[in-house]
Structures are given as structure tokens and as C-alpha cells.
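Asks: Right, I'll just put the structure down here and ask away after.
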Amino acid sequence: MAEGGFRMNPPTVSICVLVYGDYVELARRCIESIIQHCPRAEYRLLVGTNAPSEKTTEYLESLRNTGAIDTLISSSENINKCPMMRRLFEHVESEYIWWFDDDSWIQDANTFPAWLGKARASSPETMMWGAVFYVSHEHEFSYGRDAVEWVRQAEWFTGKTPPSWQPGGQGVSDFEGRESGDGRWFFAAGGCWLIKTEAVRALDWPDRRLLKEGDDVLLGEALRQKGWMVGQMGRSNGILINDAARRGIHRDTGRIVSETKRTHPVEVVLLNWRRPENVRRIVQAFRAQGRFCSVTVIDAADKPEYALPKEVLQAADRHFIFSHNFGSFNRFVPTLGYMAPFTLFHDDDLLPGPHAVEHLLLCAAEYPHFAVMGEFGRHITPEGKELTCDMPRSREKMQPVDFLVRSYFMRTANLKHIFLTAADMGIHRVECEDDLLMCTSIQRATKYPCVVTRDAGKERSLAMEHLPEPHALWHRKDHFHRRAEFIRAQMAAGWRPLQGCAPEAALQA
């Protein structure tokens with residue numbers, strides 16, 4: 001209380017910092033950057049700590065004792081980010097809340113007036129500020145959760161259609177001429193953001209169902225549901241966000257690990273028969289694409305000299321060694337073990353570019369109604385003749401085709417249709433026509449076309465480099481005869497080519 005019995009006006013902003021574990025140096029860097037660069041009269045400092053070490057506890061309590069920290073909430077166990085955030089927000093009385101993860105920090109004294117000045121100058125509908133991004137596919141933040149349904153069940157849901165590439169997503173039916181909804185989820189990066197306290201109270205944020213994963217993206221959607229906006233501070237905003245190695249709790253052991261294990265959105269499946277050097281290079285190329293994919297290798301070499309070296313098998317996330325060669329069906333044998341949302345069956349004569357898998361995911365988000373997606377698309381005439389020239393790719397849009405060759409991207413849930421078709425036809429009739437089997441069976445079941453991706457350059461291509469292809473199946477003397485028989489059988493079973501979609505030049509080839 002001030003002299004005379006009057007309550008002093010609360011500071012403009014409550015700065016909330018989440019500290020975690022045995023990382024006292026991160027806590028020190030974050031908090032001392034606040035103390036050094038922010039005017040003390042204009043903020044209160046609230047710190048929450050999960051599972052702190054003895055050194056971290058000693059440091060934070062010393063700051064509380066000197067008055068540098070106004071409120072300190074400590075949990076001996078890791079209750080996770082969102083529950084601790086709720087505890088901190090209970091003590092907020094200011095107009096704004098400025099959130100910091102402990103590995104984000106302020107660079108200079110211009111940062112505080114820049115952020116608060118931007119907030120004060122913004123429209124009344126703008127409730128939050130930060131480095132604004134968007135994700136185009138839910139697996140980047142949902143971790144198995146049906147994000148759209150999760151939003152619909154929220155207390156803050158107001159009836160606005162959540163982001164989705166299905167028609168109607170965010171109320172859009174023809175996003176950028178793609179005949180789809182708008183599937184972009186906009187959000188302020190979760191490591192540091194500023195928000196009006198009234199928005200937090202109106203949303204009762206964080207949502208009680210949240211622990212940590214996806215909280216920043218879902219906060220962006222919660223604000224959109226209320227008709228509010230997020231202001232862009234840009235990347236060069238005076239804050240370094242999350243510039244330390246990621247940390248987490250292993251789901252099985254409970255131990256602190258450098259990166260909480262997640263399911264990759266794509267499982268790349270590579271088959272080795274007689275090209276071990278090609279497979280080695282391809283495994284390295286896909287492993288370099290990090291969080292977007294895991295790599296599974298199937299070694300079905302028919303002679304010892306073609307077998308994969310031990311170091312190549314170890315470089316993959318998983319490997320299978322077959323003592324029996326099932327032909328092109330090798331890749332399908334472990335299907336029940338493919339666990340990612342998407343599967344990419346990749347041939348062993350194509351070296352992918354460094355951003356190939358990321359590009360596939362973006363294309364799948366833009367064109368969600370597809371059976372199989374890839375780069376080498378072909379057509380079949382209405383009479384059932386296979387046209388052997390590949391469909392030219394476009395930089396502007398993706399194009400439907402009858403089938404794909406050499407690299408096949410699909411939703412893992414659709415693999416079941418391959419086996420159902422194979423069982424009906426008899427395995428001996430389809431074992432070497434895996435491309436046609438994949439495409440026609442999934443098309444028949446889903447009613448969606450196969451699709452050729454947009455051409456975004458070599459670095460985003462599945463075929464940045466073509467590798468040697470000895471022993472290729474197309475060298476078989478009866479190759480096209482066998483494929484023609486398969487096409488006739490599928491057409492007799494009810495499958496039909498796109499017919500008029502084939503380009504005139506291809507029809508004349």
C-alpha cells in the first residue's frame with residue numbers, strides 16, 4: 001500500500017518466465033536480460049519453475065529475497081508448461097502479460113519500449129504480439145490429436161470453421177484457386193509473446209486440456225475464434241527465442257532428454273535388392289531431412305555381394321532383412337509396422353533433394369484429396385493403353401494422373417486397399433506391378449486421383465539426381481505385356497482411367 005492508504009497502480013506488464021530443470025545458466029541469462037533491459041517500475045516479474053535443481057532453486061530464491069522476483073512458484077515435479085502457466089497467470093493484475101521460456105532472452109534496452117509501443121499503437125482487435133508464423137499441416141503441432149475436433153470441443157469455440165485443407169476450412173472453399181479450404185494455422189512463436197490480460201481471462205487460457213505440445217498454435221486459433229488478431233513483431237524484434245537445445249521428458253523412462261521423441265510425419269521405405277551403394281546414399285539424404293521423416297530399410301539382397309553393409313542398416317531408423325525375396329512386394333510385407341501418418345515408398349535409383357519430404361507434406365496439405373502422390377505421373381488411354389512418357393510437371397499447380405512410377409507417397413491408412421485388391425486378384429498376378437497396384441487400388445477405394453506434385457526445383461525434388469539402375473524390371477522382355485494384362489484386369493474390375501485428362505502429345509506418343 002502507498003502512503004495515505006491508496007493502492008499503487010499495478011505495473012503495465014507482468015513478465016512471466018518458465019524455468020525448468022537443471023539449467024540454471026539459461027534461467028540466469030533470461031532473467032538477468034529482463035532485469036538489465038526493462039524499466040523496473042513498469043513490470044512485475046513472476047517466475048514458475050518445474051523440477052528445479054538445487055542450484056536453480058538457490059539462484060531464484062536469492063532473487064526473490066532481494067525483490068528482483070516478485071512472485072516465485074516452484075514445483076518439485078515437472079507439471080509441464082501449461083499447468084504452470086495457469087498458476088502464474090492467477091497472480092497477474094497488469095494490463096499485459098509478457099511470456100518467456102527460459103531459453104529466450106532480451107538483447108537490448110530498445111526491446112521493452114518497442115514491444116509495448118507496438119501493443120499500444122495496435123487496433124483494439126489485436127490482442128497478442130510476437131514472431132508470427134503458420135504451419136500448413138497438423139502433425140507439426142498436434143502429435144496424434146485431431147486438431148480440428150479438439151478446437152470444436154473447446155469452451156472458447158465460437159463456431160468458426162477451424163483451419164483445414166478440406167473445402168470450408170476457415171470458411172474458404174476455393175483457397176488460391178485450389179478448390180480447398182484454408183489449412184494455415186497462424187500463431188505467435190511460443191518461446192516469447194505479449195498478450196492483453198483481458199484476452200487470457202476471456203479464454204481462460206491456457207486451455208485446461210493442454211500440457212505443452214501445440215499450445216502456441218492453439219492459442220492463435222482460440223484468438224481467431226473470438227475475432228481477435230495477432231500482431232507481427234517480426235523475427236528481428238530484440239528477442240532471441242529458443243536458441244538453446246530442446247529439452248523434454250522421455251515418455252517411457254521419465255528422464256530428461258535433449259529432445260522429446262516424436263513420431264515423424266513420414267516413414268520413408270527403401271528396398272535394397274542389388275544396389276547397395278545407391279541405398280547408402282539415399283539413406284543419408286533422407287536422414288539429413290530431420291524431423292520430417294524416419295527411414296526404414298528392407299534388405300532383400302539375393303546374393304551376399306549385394307547385401308547392405310552393417311553401417312547402412314544402422315544408419316536407418318529401422319531395418320528388416322529378408323531371407324526370401326518377395327519381389328516388388330517386399331516393401332509391403334511389413335506394412336502393419338508402418339506407423340507414421342504418411343508412407344513414402346522410394347525407389348533405389350533416385351537421390352532426393354534436401355527438402356523433398358517437406359515439399360511432399362506441403363503438397364499433401366494443399367491437395368488433400370489424393371490417392372498416391374509423386375513426381376513421375378503417367379496416363380492410360382480410355383482403351384487401356386499405358387503411355388510411357390512422364391507427365392510434365394508445373395510450377396503453378398499439381399495435376400491429376402492415372403498412376404505414378406518410381407516414388408510413391410500416400411496416407412498410411414490407405415495401404416489396406418492394396419492388400420484387398422491383391423487378395424481379390426491373386427498375388428501371383430500383381431507381384432511385379434506394384435506401381436499400378438498401389439495407384440489403382442487406392443483410387444478405386446477413395447475415389448481420389450493420383451497427383452503429380454508441383455515442380456519446386458531440385459532441392460525439393462525426389463529425384464535431385466538419377467542414380468545407376470542396373471537390374472531394373474523394365475528390362476524384362478515381357479514387361480509391357482504383363483502390365484497391359486494387369487490394366488485390363490483392373491478395368492474389368494471397375495477401375496477407369498481419367499481418359500480426357502491425358503495431354504494430346506502423350507496420346508500420340
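The values are calculated or read from the model by the stated rules, or taken from the named source; none is laboratory data. Please read these numbers as outputs of a predicted model, since none were measured by experiment. Don't worry about glycine lacking a Cβ; one is built from the backbone with ideal geometry, like all the others, and counts go over all protein chains shown. Please note that ligands, DNA and RNA were not included when accessible areas were found on the heavy atoms of the full protein model with its side chains. Shrake-Rupley method; radii C 1.70, N 1.55, O 1.52, S 1.80 Å.
Asks: Give the residue, chosen from Ala41, Ala68, that is open to solvent by less than 30 Å² (accessible area, probe 1.4 Å) and of a type in the set (Gly, Ala, Ser).
Replies: Of the residues listed, the single one that is open to solvent by less than 30 Å² (accessible area, probe 1.4 Å) and of a type in the set (Gly, Ala, Ser) is Ala68.
Asks: Search the stretch 81-95 for residues that are open to solvent by less than 10 Å² (accessible area, probe 1.4 Å) and pair each with any residue that is in a helix (DSSP H, G or I) and acidic (Asp, Glu) when their beta-carbon atoms are under 6 Å apart and the residues are at least 6 apart or on different chains.
Replies: Once the first residue is open to solvent by less than 10 Å² (accessible area, probe 1.4 Å) and sits in the stretch 81-95, its partners that are in a helix (DSSP H, G or I) and acidic (Asp, Glu) give Cys82/Asp215.
Asks: I would also like to ask the following. Here's a check for you: in the stretch 227-241, which residue that is assigned to a strand (DSSP E or B) and in contact with a helix residue (DSSP H, G or I) (Cβ under 8 Å, 6 or more places away or on another chain) is farthest from Cys30 (Cα to Cα)?
Replies: Per the stated criteria, the residue is Met229.
Asks: Just checking, how many residues over the stretch 288-313 are loosely packed, with under 12 Cβ neighbours inside 10 Å and within 31 Å of the chain's Cα centre (by Cα)?
Replies: 4
Asks: Let me ask something else about it. Applying the selection to the stretch 160-169, what residues are touching a residue at least 40 places away in the same chain (Cβ under 8 Å) and either part of a helix (DSSP H, G or I) or in contact with a Lys or Arg (Cβ under 9 Å, 6 or more places away or on another chain) (or both)?
Replies: The answer is Lys160, Pro162, Pro163, Trp165.
Asks: Oh, and also: Can you report the number of residues in the stretch 44-54 which are crowded, with 19+ Cβ neighbours inside 10 Å and either farther than 18 Å from Thr66 by Cβ or within 32 Å of the chain's Cα centre (by Cα) (or both)?
Replies: 5
Asks: Can you tell me which residue within the stretch 330-343, out of those that are under 20 Å from the mean Cα position of the chain (by Cα) and under 14 Å from Ile442 (Cβ atoms), is surrounded by the most Cβ atoms within 10 Å (Cβ to Cβ)?
Replies: Phe342
Asks: In the stretch 296-352, how many residues are among the aliphatic types (A, V, I, L, M) and part of a loop (DSSP other than H, G, I, E, B)?
Replies: 8
Asks: Then there is this: Which ones in the stretch 114-131 are outside any helix (DSSP H, G or I) and either open to solvent by 30 Å² or more (accessible area, probe 1.4 Å) or over 17 Å from Ala189 (Cβ atoms) (or both)?
Replies: Across the stretch 114-131, the qualifying residues are Ser122, Ser123, Pro124, Glu125.
Asks: If you take the residues of the stretch 469-493 that are at pLDDT below 85 and either assigned to a loop (DSSP other than H, G, I, E, B) or of a type in the set (Val, Ile, Thr) (or both), which of them is nearest to Asp402 (Cα to Cα)?
Replies: Of everything passing the filter in the stretch 469-493, Ala493 is nearest to Asp402 (Cα to Cα).
Asks: With respect to Ala340, is the statement that it is within 25 Å of Leu436 (Cα to Cα), at pLDDT below 95 and among the aliphatic types (A, V, I, L, M) true?
Replies: Judged against the criteria, Ala340 is a match.
Asks: Is there a residue being within 23 Å of Leu218 (Cβ to Cβ) and among the aromatic types (Phe, Trp, Tyr) anywhere in the stretch 59-66?
Replies: No; the residues of the stretch 59-66 include none that is within 23 Å of Leu218 (Cβ to Cβ) and among the aromatic types (Phe, Trp, Tyr).
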